[in-house]
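What follows is one structure encoded as structure tokens, with my remarks underneath.
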Amino acid sequence: MFYRFIVLLGTIFVRPFFSLKVIHKSRIESGPGIIVCNHLRMMDVVLLTFVFRKENIVYVAKAEAFKNAFVRWFFNRMGAISIDRENA
């Protein structure tokens, strides 16, 4: 439910202001895959949500991002996985 709400808000208020280029989108939509974001800006990962609009996307974020209470809450709601880059 939260994911759908974020996609709706983003489609209405965020996506119109950003230029998006997705290479080989049809390959991802036809089955499982890995989507890699090149991070030209911090919003890139969020914008992927508005491009693909699927609830079964699992995000990976660095553990440092989870230190902020709001970001941690948001990432947990979106189903993000925390990755500790310092320890294997």
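Number of residues in segment 59-88 that are open to solvent by 90 Å² or more (accessible area, probe 1.4 Å) and not basic (Lys, Arg) equals 7. Residues being modelled with pLDDT of 75 or more, of a type in the set (Gly, Ala, Ser) and out of contact with any Ser or Thr (no Cβ under 7 Å at 6 or more places or on another chain): count how many of those fall in segment 27-69. Count: 2.
The values are calculated or read from the model by the stated rules, or taken from the named source; none is laboratory data. Bear in mind the structure is a predicted one, so any value in this text is a computation, not a measurement. Heads up, the Cβs are rebuilt from the backbone with ideal geometry, glycines too, and the neighbour counts pull from every protein chain shown. Ligands, DNA and RNA are excluded from the accessible area calculation, which covers all protein heavy atoms including side chains. Shrake-Rupley method; radii C 1.70, N 1.55, O 1.52, S 1.80 Å.
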